[in-house]
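Colleague: Structure below; questions to follow.
The values are calculated or read from the model by the stated rules, or taken from the named source; none is laboratory data. Just so it is clear, the model here is predicted, and its values are computed rather than measured. Cβ sites come from the backbone with ideal geometry, for glycine too, and all protein chains shown count toward neighbours. With ligands, DNA and RNA removed, areas are computed over all heavy atoms of the protein, side chains included. Shrake-Rupley method; radii C 1.70, N 1.55, O 1.52, S 1.80 Å.
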Amino acid sequence: MTTETAGPFGASDSGPTSTGSRTTMILGVVTLVALGVLVLFGLILSPADENQGDAVRIMYVHVPSATLSYVGCFLTAIGSAVFLWRKSRWWDLVAYASAEVAALFTAFTLVTGMLWGRPTWGVFWVWDARLTSEAMLMLLLLGYLAVRGIAADYGVRAKRAAIVGLLLVPNVFIVRQSVQWWRTLHQTPTLSLSGAEIQGLMLFSLFTGFIAITLSFIWMVIHRFRVAWLEEQVDAEGLDTAIAERRAEGVVS
Amino acid sequence: MLHDAWLIARKDLKLEIRSRVALNQVVPFALLVLVLFAFALDPDRGLLEKATPGLYWIAVLFSGLLAMQRSFAVEAADGVTDALRLSGLAPAGIYLGKTLSVAVQLLVLEVLLGVGVAVLYGTSMTGWLLLLATIVVATAAISTAGTLFGVVAAGLRVRETLLPLLLLPVLAPVLIGATRAFEAALSGTPSEGWPWVGLMSVFAAVYVVAGIFGFGPLMEES
Amino acid sequence: MVHLRGAVALLGRFPALAGVDLDVDRRRIVLLRGANGAGKTTLLRALAGLVPISAGEAIVLGVDLRVDHKSVRPRVGLLAHGAGLYDELSVADNVRFWTLAAGAVLADAESAMARLGLDGRLSDVSVGRLSTGQRRRTSLACLIARRPELWLLDEPHAGLDKEGRDVVDELVRDAADAGATIILSSHELDRAIDLADEIVTLGGGVALDDSGAGGDGHVA
Amino acid sequence: MSNSLILAEASGTWPYVAAAWVVVFGGMGAYAFATVVRGRRLSKKVPPEKRRWS
């Protein structure tokens, strides 16, 4: 393999030694095109908002990131549930991959939210219900990933992670509900366009954002899944030799 | 299952009464936290008074965390985990029993902290019905979730650091709810507090179900 | 009672059992022998349903461990290296708790304690204050109160004085007479060989040939 | 706070917009790159028949 193809997305060309395949290569190219279109519409062609000015352009990456952070979280819960039900390693790894990518998108949501908040409210952080929920989602996902990272047998780790992953969904609902009640007492602003409907090119840009970011999410989950799969295979690889070596101990002694 | 739960709860409580770790270490820690809050927030400016419900529940949460760590440290002794697996006790029963014993310890802690707050912070108690309901429901929520995540972390080398990371974000809604409900009760507007009691009940119910079904798989191969 | 063919058990990635063959009939007393790390402890734990069998055949008390490794658990008694006792509870509390947990009645706990000389003054002492030998006796009392069909004893003689070892041997013989099956490992070979009907030598996670794992290695 | 000035001044928001887009695109790029590199390194250790997608 030549190394110069290993760009961020270019590396999805299917070689014998990569996580890429024909399908993901096509997906990667489509994703790159979508991201290009998003840049074109989001940063250049769409107009500035009457109230918010150019800050509205943050919305085109912020809102899709937020949505996908929740999608990833639900995917993790589904993967965990199917793993517990069917003992399917495949679904366990789906849960793992989507949790990690979801954490990445949660981080994007938080950072872009703060960068949107500064010009809009004058401060990076306000205890806005949605931003606070997102921060709690980040902490919950970090907890899940901490369980994934423990040094223990596959079975122990996967089972414990699956219980934590399954509980992500009720936790997210309860956290969102409580944070919402907590904040509505004080009527703080929420990141949104003040009253105005999102129309025309702005709506189209947001739509493009959803498509491009969703495609990126899918691409990342697939590749992260394959990396996790390979890690499993590498771990399992030595078993036959290990049994042979173990038996040899007895002959010597 | 309930018979097993009772057996485990009785064993745990007997053990706590005999060892006095909860009494000699957890309770002083909780009172210490109350005193430290008073140092941090100048008691003369009314800050302490306003923050009392939140401080109370933070103190419950952190000292409760110690009680939960302890509840699983007891089962981690040499060979006990294996003995529990071999015992034939239903995992759901073990879960309910440990939850019950943690809940009883938390209730004792909450009463003592309540007395501490009343004496040290000069809080006057009103809205008794809501206060009691909040304590019961919040205790159920903390102990059901704490016991489930306790076993997730049990038997691992990183358990002391993992449990707070897993548990505290999950308990954040309970902290918010219990604090707001207490504020509502103390400020004489109990109707604002009851929705929070409902939310915490839902929380506790979710975790009881998750614990009953999840405890068995979690006890294996740790 | 016990039938293993090519049984493999993994501790993490390490094959502690690398294809064990073992057959034990009812009422037999079998001694497992072998160097440290030969797989004795893992074999006993696997037979108790604590370590899953990942390859081969494994049938214990009529239960296929590869299908269901949990239902044998209440029917076996495992005396492991770890005492399996709560240090802060008294001897009597410990024995009573594990007896009730196994579904037996309190009278079983009392008679088990009497059998091991734990009634009287010792019964109210916290387990944390006991000597190694006294803890061992307490663990044994918990085991016999459960009335297991299969006894798995990991180094039952270790840490006991001569009198205690005699008690162990007597308990084992009585249990075999009463219909139980016993598999034990021991470094007290003189004593254990007298006790055992069969000897199986483990090495490198397998039963070695000269031990006659098929049941023809009779000694006594 | 007198930040309402910033609200009015449209050009003042561009650095925030740029930073947000750089974070998202840069973050996705870096994650994708790291994943692909990890995948290639691991792939060398695994026989092709166990990589079902190849």
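Colleague: So for the pair residue C:26, residue A:199, with labels modelled 7 Å out along Cα→Cβ, what separation do we get in nm?
Modeller: That separation, rounded to one decimal, is 8.8 nm.
Colleague: Tell me, which longest segment in chain B has none of the trypsin sites (Lys or Arg not before Pro) that fall in DSSP loops with at most 13 further Cβ atoms within 10 Å?
Modeller: B:21-156
Colleague: Summing Lys, Arg as +1 and Asp, Glu as -1, what charge do residues with Cβ under 10 Å from the Cβ of residue B:69 carry, residue B:69 excluded?
Modeller: +1
Colleague: FRET efficiency for residue B:158 and residue A:48, Cβ-Cβ distance as r, R0 = 45 Å, nearest 0.05? Let's see the in-between values first.
Modeller: Values: r = 49 Å, r/R0 = 1.10.
Given R0 = 45 Å and the Cβ-Cβ separation, E is 0.35.
Colleague: Can I ask one more? Rounded to the nearest 5, what % of the DSSP beta bridges within the protein assembly as shown are antiparallel ones?
Modeller: Rounded to the nearest five, the antiparallel share is 55 percent.
Colleague: Any idea what angle helix A:22-39 forms with the longest principal axis of chain A, computed on alpha-carbon atoms, 0 to 90 degrees, nearest 10?
Modeller: Around 20 degrees separate the two axes.
Colleague: Same structure again: Taking 7 Å along the Cα-to-C-beta vector as the label spot, tell me the residue A:81-residue B:202 distance in nanometres, rounded to one decimal.
Modeller: 1.7
Colleague: Residue A:159: which aspartates and glutamates have alpha carbons under 14 Å from its alpha carbon, excluding same-chain residues fewer than 8 sequence positions away?
Modeller: A:92, B:220, B:221
Colleague: Just need the relative contact order of chain B here, percent rounded to a whole number, with Cα pairs under 8 Å and 6+ apart.
Modeller: Dividing the mean separation by the residue count of chain B yields 27 percent.
Colleague: Taking the Cβ-Cβ separation of residue B:220 and residue A:239 as r and a Förster radius of 25 Å, what is the calculated FRET efficiency to the nearest 0.05? Write out the running numbers ahead of the final one.
Modeller: Values: r = 21 Å, r/R0 = 0.83.
Efficiency, rounded to the nearest 0.05: 0.75.
Colleague: Still on this structure: Could you state the angle between the C-alpha long axis of helix C:106-115 and the longest principal axis of the C-alpha atoms of chain C, as a value from 0 to 90 degrees rounded to the nearest 10?
Modeller: Between helix and principal axis, roughly 80 degrees.
Colleague: Please report the carbon-and-sulfur percent of the accessible area for the protein assembly as shown; probe 1.4 Å, protein heavy atoms only, DNA, RNA and ligands left out.
Modeller: 63
Colleague: A further question follows. In nm, to one decimal, how far is the modelled label at residue C:129 from the one at residue A:154, with both set 7 Å along Cα→Cβ?
Modeller: Once both label points are built, they end up 5.0 nm from each other.
Colleague: OK, next. May I ask for the net charge around residue A:107, where only other residues with Cβ less than 13 Å from the Cβ of residue A:107 are counted and Lys, Arg are +1 while Asp, Glu are -1?
Modeller: Numbers: positive: none; negative: A:100, A:134.
Cβ neighbours under 13 Å give a net charge of -2.
Colleague: On average, how much accessible surface per residue is there in the stretch B:62-112, in Å², for a 1.4 Å probe, leaving out ligands, DNA and RNA?
Modeller: Spelled out: the 1.4 Å probe surface of the stretch B:62-112, per residue, equals 29 Å².
Colleague: Right, another one. Say R0 is 25 Å: what FRET efficiency, to the nearest 0.05, do residue D:30 and residue A:214 get from their beta-carbon distance?
Modeller: Values: r = 19 Å, r/R0 = 0.77.
So, using R0 = 25 Å, E works out to roughly 0.85.
Colleague: In degrees, nearest 10, range 0 to 90: what is the angle between the Cα axis of helix A:239-252 and the longest Cα principal axis of chain A?
Modeller: 30
Colleague: With an 8 Å cut-off on Cα pairs and a minimum separation of 6 or more residues, tell me the relative contact order of chain A in percent.
Modeller: 27
Colleague: Give the lysines reachable from residue B:11 as a straight Cα distance under 23 Å; neighbours fewer than 8 places away on the same chain don't count.
Modeller: Within the straight-line limit of under 23 Å, residue B:11 reaches these lysines: B:98.
Colleague: Provide the net charge surrounding residue C:202, with neighbours chosen by a C-beta distance below 9 Å and charges set as Lys +1, Arg +1, Asp -1, Glu -1.
Modeller: For residues surrounding residue C:202, the net value is +2.
Colleague: With the contact rule set at Cα under 8 Å and sequence spacing of 6 or more, what percent relative contact order holds for the stretch A:62-102?
Modeller: So the answer I get is 47 percent.
Colleague: Right, another one. DSSP loop chymotrypsin sites (Phe, Trp or Tyr not before Pro) in the stretch A:124-169 with at most 15 other Cβ atoms within 10 Å of their Cβ, which ones?
Modeller: A:124, A:125, A:127
Colleague: Does chain A come out rounded, prolate or oblate by the C-alpha gyration tensor, with a ≥ b ≥ c the root eigenvalues, rounded set by a/c under 1.5 and, if not, prolate when a/b is larger than b/c and oblate if not?
Modeller: Note, shape of chain A comes out oblate.
Colleague: Going by a ≥ b ≥ c, the root eigenvalues of the Cα gyration tensor, does chain B fall in the rounded group (a/c under 1.5), the prolate group (a/b larger than b/c) or the oblate group?
Modeller: Prolate is the answer for chain B, as a/c is 1.5 or above and a/b outweighs b/c.
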